[in-house]
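Every read-out reported here was derived from the displayed coordinates using simple, explicitly stated rules and does not represent laboratory data. This structure is a prediction, so every number in the text was calculated from the model and none was measured. Here the Cβ positions follow ideal geometry from the backbone for every residue, glycine too, while neighbour counts run over all protein chains shown.
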Amino acid sequence: MTRFVQIIRNGFLALATLVIFGLLMGANWYVRHDPERKARRLLNAQETPISEAGAVESAQKGNSFNLEQLELVAVDLGAVDGESGLTPLMAAMRAERADVVDMLLSRESVRATLDTPASDDGQNALVMALKASDFGLAQRLVDLGADPEVRFDPEWPLLVQSFREQSGVLFDFLLTNGVAPDEVGPDGMTLLAQVVDQQNGERISQLLAAGADPEAKGVTGDSLLMETVRGGNHDLAEILLKAGAAPDQIGASGQTALLAAVKAGSTAMVEMLLDHGADPNLAGKDKRSPLEIATRSQDVDLMQVLVDAGADVRQNVLVKAAFQNRDLPAMTLLLRSGADPEVKMGNGKTVLDLALAGEAENMARALLEAGASAKGRLWSALGTGNES
């Protein structure tokens, strides 16, 4: 019996020894192979600081392995190093370590701080990429969440600056990535106003497609449409109209685009504006209507276009102007369109009275044929049949 107890006791001792040995072996393996502990040993062996400074240093040297070890010991690869003022991504970009940049951009912590600026120059990763004309990397940064609304110069929106410096690739990149097209520079002008001033049709179309306001004021204080019409650019005016520019805005000059087109004698421009809803009777600040301007200019073709569009011919000033110009075609058009033939010129005198006194026989005949009264006068010489 005693021998049996001894055997049992020895068995338990052997088993306990094996368990303890196993635990010791496991602890040794854990100490040697635990990822974090192993990473610390490797970093310490290379004298790499286990900190943000160490991450920046590793990025500058292109050491992706060390960055991975730092990540294992809970160093934030997206954080700014207080000493250098850089994130590891910025350091890698400055050192042109493309492989490290790729590795870092795969980390969520890095993507979360893409817009963080460097302490020394205020540039973030996207600004650095754009200044280096690395548009592939810039696009990748934006796709990963970087804000495209960045500036090289604090005073100038980058989109405006890119246009002024004729950097077409940068301009296209910014617009494609949703940069606001209506930002204003220190000169107070929108980019669209500057582009219209230069009559750059391609850029105008791009900005309008990106949502630029077609009714913004131009560099003169008039509407962009007015400036385009005044410049005689039919195609650009049509682009603005199709984008929603209101044709009846009255700007700094006190005129509408239609008035400017009539003054310029541009029948095609007038027709286009009318087709887009311009009011043929809207006068400017000088109270002159489009039809009055056309009449005073003796432009019968424009007068006809305006009349066909609904211009009011029963403005006394129209018949007076046609008579003063001795413009029979204009007078005839007005009278046939419904103008009053009994218009008085002053001192109780009608246009007909003055036509007779001035020996303007053709004018008098047109007035009589339109219904002017010949009562009390002898007009047999005119053969009008209105002698009574």
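Which of the residues belonging to segment 186-200 are of a type outside the set (D, E, K, R), outside any helix (DSSP H, G or I) and within 13 Å of PHE163 (Cβ to Cβ)?
Within segment 186-200, the first condition is being of a type outside the set (D, E, K, R), and the residues that meet it are 186, 188-196, 198-200.
From what is left, the residues that are outside any helix (DSSP H, G or I) are 186, 188-190, 198-200.
Residues satisfying the conditions are MET189, THR190, GLN198, ASN200.
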* To do: Could you please give the count of residues in segment 201-252 that are assigned to a helix (DSSP H, G or I) and within 28 Å of ASP286 (Cα to Cα)?
  => 13
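Residues that are more than 47 Å from the chain's Cα centre (by Cα) and of a type in the set (A, V, I, L, M): find the helices (runs of 4 or more DSSP H) completely inside segment 301-374 holding 3 or more of those.
328-336, 351-357, 361-369
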* To do: Residues that are of a type outside the set (A, V, I, L, M): find the helices (runs of 4 or more DSSP H) completely inside segment 30-148 holding 2 or more of those.
  => 35-45, 52-61, 64-72, 88-94, 98-105, 108-111, 135-143
* Given (1) of a type outside the set (S, T, N, Q); (2) out of contact with any Ser or Thr (no Cβ under 8 Å at 6 or more places or on another chain); (3) buried (at least 23 other Cβ atoms within 10 Å of the Cβ), number of the condition LEU241 does not satisfy -> (3)
* Asked: Just one of LEU192, LEU175 is farther than 18 Å from VAL219 by Cα, crowded, with 16+ Cβ neighbours inside 10 Å and either in contact with a helix residue (DSSP H, G or I) (Cβ under 9 Å, 6 or more places away or on another chain) or in contact (Cβ under 8 Å) with a residue 12 or more places away in the chain (or both); which is it?
  -> LEU175
* To do: Quickly run through segment 136-173 and pick out the residues that are aromatic (Phe, Trp, Tyr) and out of contact with any Leu (no Cβ under 8 Å at 6 or more places or on another chain).
  => TRP156
